[in-house]
1. If you draw the axis that swings chain B onto chain A, which residue of B has its Cβ closest to it, and how far is that in whole Å?
2. Run the simple label-point estimate for B:Asp174 and B:Thr188 please: 7 Å along Cα→C-beta, distance reported in nm.
3. Applying a 10 Å radius around every beta-carbon, put A:60-71, B:319-330 in order of their mean neighbour count, most first.
4. Counting only residues 5 or more places away or on other chains, whose amide H sits under 5 Å from the amide H of A:Leu296 once H atoms are built in the peptide plane?
5. How large is the translational diffusion coefficient of the range B:58-347 in µm² per second when you combine the Kirkwood radius over alpha carbon pairs with Stokes-Einstein at 37 °C and 0.692 mPa s?
6. What list of ³J(HN,Hα) couplings, whole Hz, do you get for the range B:77-92 from phi and the Karplus terms 6.51, -1.76, 1.60, once you set θ to phi - 60° and write x for glycine and proline?
7. Order by neighbour count: A:Glu218, B:Glu196, A:Glu432, fewest other Cβ atoms within 10 Å first, most last.
8. Mind telling me which of A:Asp361, A:Asp174, A:Asp45 comes out most flexible in a GNM of chain A, alpha-carbon contacts under 10 Å?
Protein chains: 2
Amino acid sequence: MTELLVAGGQVLRPDTTVERADVLVDQDSGDILAVDDPGELTGDDTLDASDGLVIPGLVNAHTHVAMTLLRGYADDKPLDAWLQEDIWPVEAELTPEDVRVGAELGLVEMIRSGTTALSDMYFHVDEIAAAVEESGLRAVLGHTAVTVAKDEAGARADMQASLDTALDLDGAADGRIKTTFQPHSLTTVGEEYLREFVPEAVEAGLPIHLHANETTDEVEPLVDEHGARPLEYADDVGLLGEDTFLAHCVHVDETEIDLLAETGTGAVHCPASNMKLASGMAPVQRLLDAGVTVALGTDGAASNNDLDMFDEMRDAAMVGKLAADDASAVPAGAVVEMATANGADLLGFESGRIEAGANADLAVLDLDAAHLTPAHDLVSHLAYAARGSDVCHTVCDGDVLMRDRDLTVFDERAVRDRASDRARALIDRAAE
Amino acid sequence: MTELLVAGGQVLRPDTTVERADVLVDQDSGDILAVDDPGELTGDDTLDASDGLVIPGLVNAHTHVAMTLLRGYADDKPLDAWLQEDIWPVEAELTPEDVRVGAELGLVEMIRSGTTALSDMYFHVDEIAAAVEESGLRAVLGHTAVTVAKDEAGARADMQASLDTALDLDGAADGRIKTTFQPHSLTTVGEEYLREFVPEAVEAGLPIHLHANETTDEVEPLVDEHGARPLEYADDVGLLGEDTFLAHCVHVDETEIDLLAETGTGAVHCPASNMKLASGMAPVQRLLDAGVTVALGTDGAASNNDLDMFDEMRDAAMVGKLAADDASAVPAGAVVEMATANGADLLGFESGRIEAGANADLAVLDLDAAHLTPAHDLVSHLAYAARGSDVCHTVCDGDVLMRDRDLTVFDERAVRDRASDRARALIDRAAE
């Protein structure tokens, strides 16, 4: 058994208190063995956290990681025009190799900023899985199915591909990869396909992830068509439940919030994307008050434009207060929980907590910085003052993926160069 | 004449285009001498910008720099309770030495994140001026006067102190320090004192800076009392004009927006603080459409909780879209102008632009980073993806204040240690 000691740091515990402690990791099982007073534990290898804050690895619960290739390609446009004029034409040109290097770039950025688990929605998922395997990170992957503007054969094939991908990839990378069945959204997948395939997914025991209620354009047509709120319709077709988590949930009313709570359906709040696309403000405090498990996601880098979960915590606290018209809403501790334990719970990983028995997924922040001085409250700093660049060590599944800001996985320079080259060529192809 | 060459970088020009160029700085006058094609210019000293983006030094147009001592001390509370229960009791204990070290810490953070000019509102202003002089930065300072809850003698003395401080300090630090007359706000300074002292300030040629329309609590009582909107009242007492800039302007109606435009009064948008305190969303796109000069400010570190102007650009673009319900509102180029040229214009400095004749106030960002890859659009990156930690060199008034992330001014370790000690002691005193 090889043991890693994360030594001398202040440690964020599951109750969002902070105490000075050492953390002992079993690198073979990938689990945390013990958390104890400084000096009580010894390991074969030591990660110095003496100027640091040890936190659970952050969980990015909704992203499209390969979209890093489109970071800054098109901004400042409404969702519809942005998708139809900019994003979809370029995505139509994406090759498997593009998706691979886009994913690699995104995973590098995640490791650098302390994220150790992600839930991804995209296509060419084998490429993303290969990048995740190489990265050492933990991920929930899936093929996202769309049926609108397809003939029946094409639509059914896409839904089947989502099922098959989820079944095939589950448990890959020594269990670091899990999967979800992924109908894209309630407006981009036809009712007949949901009624056919959702029961199959449920019967196969597959968790489900989809976009829901992101914009008013995803609400009004459904209300007109079904005479019910979108999440009432989702419930009717069997989509809600403890193994489902929905991205966005911006435009949800009280009935829908109650429905999420009653069914145990999770919500992934993506505040930066919702602001940047002017989608609206999710009622996060009301979701929390109702008992809904709320996690955080960056969404794709094209609508953010980074994958830094510290930005997401800050944005969630900030916009959560605006949405509630209450400065005490969505406090620092709540957003830290959303980005850690809540995310891990929705993704189905035993991570998100620094405690014996949990996955050894953690990040160490370097507190030796002007913008983190003084240190009245480190939980406040996590939410409001820290940023991805403060992370100096990242550990996932017991393996050190970044030590003293140097990555131990990937050839980062080569990944960045390939990504730049492929991004340029992609835009050129799309412009032809 | 000692000349500094900022060599090999991509340069953000005043029209928010980016081109590869060298920038030659006269370190004696502190001005930019020339911007030319790479290789055309030579200097006595060279600052390598070959992997970098050269931008005008950022302008933090509304802050309380010494409040870094209260970073993370009290969060997640409404403005009124936060001020009365947390901030004011602690501020009452602040000694001149506390203000000095709090200012030093804030100035260190600013240099690290590429800010070269600030507009500050506080007290013990001599201490802040001394810290600014040592820092090498440019600042507009002033003593903030409050008359509510004071007897007449005390109220008049505070207003006089604001006038005297502005007159005494103007031009200090070889012209790097300018000043403003600073009535705190329209609700915290009585009408009789505004009617007496504002004309004196105007006659003395002093610019004016105050808080205005930050919360609905600063609007409704004034409407009740004066039968007019707050900025109509401000205009009536002589506060508006080309030498005045107002912090916040969250709750301004169309009449007030027109009034700002007609009088040439500037607005400083503080999006992070307005979100964190749930004050509301300023109508930034409407202000811009009306022709108002809008700059950006962090406000104090206690309501932000950092002094990183990259966060402020991102927040301004994000919340500006929400406020306008339009994803094309407050685009990247606009927030970059707000944080540079607009800020310099309001503060009265010849900075905020990389062009011959302007102050040599600039920052260089290291673009060699995963979260800034690929490079489709560097202006987008400035607004949405970059962060203060990407700044590697900072120059103000021709002097290099940070080179390769090492400060050439202050003993940063000593400043941080003193700040931590004083912050702890301050809270202990306030708790007694």
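What follows is calculated from the coordinates using simple rules that are stated; it is not laboratory data. From a predicted model like this one, the values you see are computed outputs, not experimental measurements. Here Cβ is always computed from backbone atoms with ideal geometry, including for glycine, and neighbour counts include all displayed protein chains.
1. Rotation axis B onto A, closest Cβ, rounded to whole Å: B:Ser389, 2.
2. Those two pseudo-labels are separated by 3.4 nm.
3. Numbers: A:60-71: 29.4, B:319-330: 21.8.
Ranked by mean Cβ neighbours within 10 Å, highest first: A:60-71, B:319-330.
4. A:Ala61, A:His269, A:Gly343
5. Details: Rh = 18.6 Å.
Calculated translational D: 176 µm²/s.
6. Rounded to whole hertz, the list is 9, x, 3, 5, 5, 4, 5, 6, 8, 10, 6, 4, x, 6, 4, 4.
7. Details: A:Glu218 21, B:Glu196 14, A:Glu432 5.
By the 10 Å Cβ count, ascending, the order reads A:Glu432, B:Glu196, A:Glu218.
8. Evaluated over chain A, the most mobile residue of the options is A:Asp174.
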